[in-house]
Amino acid sequence: MIGNFPYIAVIIFIGLGIYTLMFKRNLIKIAIGICLIENGVNLFLITLGFRKGAVAPIYTLAPSGQSMVLPTPQALTLTSIVIGIATTALILSIAMMIYKHYGTIEVNEVRRLRG
Amino acid sequence: MKEMSKIVRNVTNLVYGFIIIFGFYIIAHGHLTPGGGFQGGAVVASAFALLLISYGQLNAKKFLNINIFSLLESCGLTMFIVVAFLGLGTTFFYNFLANSGSWFGNMVIPGINPGDMNTAGVLPLMNIAVGLEVFAGLGIIVLLMADGAEFTKKKENS
Amino acid sequence: MNLSNHTPILILAVPLLAAFLIPIIGKINKKATGIFATLALGLSLVLTIILAVKILSVGPQIYVFGAKSSLLTLPSGLKFPIRIMFQIDAMGIFMGLITALVSFLGAIYSLAFIDKKDGSDSYYSLLLLLTVSMFGMEFTGDLFNFFVFLEIASMASVSLICYRGTDLGEPVEAGFKYMVVSSIAALMVLFAIGIFYGEYDVLNIAAIASVVKYSQLDKIALGILVSVLAMKAGAVPMHMWTPDAYSEAPAPITMILVAASQASLYAIFRVVFSLYNITLNTLAVGWIIIIFGLLSMFIGVTMAIIQKDINRLMAYHAISQTGYMFLGVGVGLAVLANPTALQRYGITAMEGGIFHIMNHAMYKGLLFLTAGALFFRTGTRNLDKMGGLAHYMKYTTIFFIIGAAAIAGLPPFNGFASKLLIYESVYKFNPLLSIIAMLVSILTLASFVKVFHSAFLGPKLPQFKEVKEVPRSMVFAMAVLSCIIIFFGLFPDLIVKNLVHPAVMSLIEQFKYTSTVLGGM
């Protein structure tokens, strides 16, 4: 039961991220919501690779006869973190441009495209 | 943004070189220790962010030049793709330098050992290319956002 | 070095290298960036045609990255493939041809449409990156590779939508909406990929297809994948980003964005047909896809009739035409388990749906390019302010008539061919669906008659006195699309027998996808 705790944390992260995305009106808070969802998914990927009683998957000076944690999810998570940085930088730059044009970053006042 | 106090600027002058060297160490040893291109590049870019904050945006523009960063970024990216193309004799991305005895081409000794830097073929070259690209790219992002913050602060004050 | 083995990767590597070299070239000479990008995309188009001829005659092609030979999927006794590979069958190369053609024509159109401001070298670099990512989504055989290309596509397209955002505020707002939707979509795709990896320990699509058991976790992953990829493709309950993004982007980028949405549609078909193999409950999932199609068709066209902005109107029509593709392939999926019904009308329905993908890319691209031509010369997108433009822009009027007739499904153009296939076969499945489809087609024709009347007919207006015809490269791009529309309309048999039918067969024969990689298991 205690081994399932990371998965519960993943669900809490993604839930909080979706709540922030849907109900908050400030553009920066929406960007934070996207970061929360992304952190939740990265945590999920890392937790998948865990094996009980194993060591880190590095090959220099590693003890022999021991099982290792799976290294593939760590590579997937690294790629996802890099993509997350680019996404966050792009969203924050877009928020800065909206502030430059409209002087406010509340979603209700910025919205011009309707219908 | 204004520059920070004299103590902060002095400590920055002492420390930023070590941060950059530490970042390059992480990039270069990516095939042996945890780390690699992206992680090392992010550390080097944090040194640039430190310089930007402690000297203020107007002063930092004198020694952090966006055009040079842009050129470095393109060079890093083209180096990555050209190294991938060089293996096209067999397949794309083929590791043609591994176990071949030339540059980065020693055989890997199995078992417990401290790790030989001269191994793993094409990987250190690609790590260096990616590290170059990442620190230049993140440096450009930080500099342009500082420009944007300056612009909006001027607009707010006027 | 046998270059013809390396064609799958050269289709991606040449535009990628060009995208990275363009900022360096842009510092020397600004005008050369556009020509360089067009040459790279032209080379890509030639290589795609060569690869298509090879696949349609020989069979599916595989390309393994970094292995000793490009076909070595299972090195030295391993049971599952461990390297990233490209696996291109007839359906993949069908989508690849659409992408190559649309990107090449978009780059030619951009040579005149984008004036040489500061950011024009990053425009071409991002256009090449968007093309590379679309090719990657359509050719790859590895799930995580698909996620990476999906993210590259969403970031490149957001940057291109915000291209006019230095002066105006609306493109930036549209870009923000699209960025939020794309981020959620891609992260949920990664979540589903994580579920697959945690269960089966492999990331290769063919390898998962050979060991998938339709367990509870797999059903959750199916639900997430189908709904999220339908959100990226513009299906109806999740279509809110489409009118904003398609109307505020520059016109050639909208044409390429339509092809990018269709790449997500291809991903749904690949997941539902090949990834889940024979374990899927085809009737239930087929009906869900049919419901997406019906909603998209109907709501798309009814929202389109009331629009005043020409680009938003065409964007709503893009949603409604996507509904036709969902309907055709959904009917084919629903009868997949039933061999007699499959032979009678299932295969025809899928042929109609998949042929409609290519037809839609052609005529919707042409319509967006004509709308861009109108905006380029008159500076407005509002239909109330335009009028009498047929006196000044003769070529654009002819191309608009061809595009509008094609989308409404009038006979000598290609829309009629694919819509007739869909009507006939869907009628045998359930007559009500076919009647709704025909009703939507009539409403499409009505709204395009309205656009033609407002924009082109009428007396000469004094404020448009200096309006001339658009530059030559834009006319060339529109003319190529019109010729393809007329050719497909006059000889649909050729295209269906040689291009569409092998694509449908490669989706239906599910065992072939796994046996190409795993060698006859």
*Applying the selection to the range A:22-79, what residues are surrounded by 13 or more Cβ atoms within 10 Å (Cβ to Cβ), within 7 Å of another protein chain (Cβ to nearest Cβ) and among the polar types (S, T, N, Q)?*
A:79
*Can you spot a residue in the range C:222-236 that is among the small types (Gly, Ala, Ser), more than 29 Å from residue A:99 (Cβ to Cβ) and within 11 Å of chain A (Cβ to nearest Cβ)?*
no
*Look through the range C:399-414, keep the residues that are in contact (Cβ under 8 Å) with a residue 60 or more places away in the chain and in a helix (DSSP H, G or I), and return whichever of them is surrounded by the fewest Cβ atoms within 10 Å (Cβ to Cβ).*
C:399
_Out of B:27, B:21, sole residue that is away from chain A (no Cβ under 14 Å) and surrounded by 15 or more Cβ atoms within 10 Å (Cβ to Cβ)_ = B:27
*Out of all the residues in the range C:167-185, which are more than 8 Å from every other protein chain (Cβ to nearest Cβ) and part of a helix (DSSP H, G or I)?*
C:171, C:177, C:178, C:181, C:182, C:185
*Report the residue count in the range C:245-290 for those that are outside any helix (DSSP H, G or I) and either surrounded by fewer than 24 Cβ atoms within 10 Å (Cβ to Cβ) or of a type outside the set (A, V, I, L, M, F, W, C) (or both).*
4
*Out of the range C:3-36, which residues are more than 26 Å from residue B:87 (Cβ to Cβ) and among the aliphatic types (A, V, I, L, M)?*
C:28, C:32, C:35
*asked:* Between a residue in the range C:43-59 that is more than 16 Å from residue C:102 (Cβ to Cβ) and any residue that is surrounded by fewer than 16 Cβ atoms within 10 Å (Cβ to Cβ) and not basic (Lys, Arg), which pairs come within a Cβ distance under 7 Å, given they are 6 or more apart or on different chains?
replied: C:56/C:498
*Just one of B:133, B:156 is part of a helix (DSSP H, G or I), at pLDDT 85 or above and among the charged types (D, E, K, R); which is it?*
B:133
*Enumerated helices (runs of 4 or more DSSP H) restricted to the range B:17-115, each holding at least 3 residues that are out of contact with any strand residue (DSSP E or B) (no Cβ under 8 Å at 6 or more places or on another chain) and aliphatic (A, V, I, L, M)*: B:37-55, B:66-86
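Here is a yes/no grid of residues against (1) in contact with a Ser or Thr (Cβ under 7 Å, 6 or more places away or on another chain); (2) buried (at least 23 other Cβ atoms within 10 Å of the Cβ); (3) within 30 Å of residue C:119 (Cα to Cα):
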{"site": "C:167", "(1), (2), (3)": "no, no, yes"}
{"site": "C:210", "(1), (2), (3)": "yes, no, no"}
{"site": "C:215", "(1), (2), (3)": "no, no, no"}
{"site": "C:220", "(1), (2), (3)": "no, no, no"}
{"site": "C:233", "(1), (2), (3)": "yes, yes, yes"}
*In the range C:1-59, what residues are within 14 Å of chain B (Cβ to nearest Cβ) and among the small types (Gly, Ala, Ser)?*
C:4, C:13, C:18, C:19, C:26, C:40
*Can you name every residue in the range B:50-80 that is of a type in the set (A, V, I, L, M) and either buried (at least 18 other Cβ atoms within 10 Å of the Cβ) or over 14 Å from the mean Cα position of the chain (by Cα) (or both)?*
B:50, B:51, B:52, B:53, B:58, B:60, B:64, B:66, B:77, B:79
*So which residues in the range B:58-113 are aliphatic (A, V, I, L, M), farther than 23 Å from residue B:136 by Cβ and more than 8 Å from chain C (Cβ to nearest Cβ), if there are any at all?*
B:97, B:98, B:107, B:108, B:109, B:112
_Matching residues, the range A:1-37, being at pLDDT below 90 and of a type in the set (A, V, I, L, M)_ = A:1, A:2
_Kindly evaluate residue C:151 against the criterion of being at the interface with another protein chain (Cβ under 8 Å from one of its Cβ atoms), surrounded by fewer than 21 Cβ atoms within 10 Å (Cβ to Cβ) and charged (D, E, K, R)._
no
*asked:* With the requirement that a residue be small (Gly, Ala, Ser) and farther than 13 Å from residue B:134 by Cα, what does the range B:21-46 give you?
replied: B:28, B:30, B:35
*Which one of these is more than 12 Å from chain C (Cβ to nearest Cβ), farther than 30 Å from residue C:203 by Cα, out of contact with any strand residue (DSSP E or B) (no Cβ under 7 Å at 6 or more places or on another chain) and not in a loop (DSSP other than H, G, I, E, B): A:19, A:99?*
A:19
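The values are calculated or read from the model by the stated rules, or taken from the named source; none is laboratory data. Quick caveat, the model's predicted, so the values are computed rather than measured. Cβ atoms come from the backbone with ideal geometry, glycine included; neighbour counts cover every protein chain shown.
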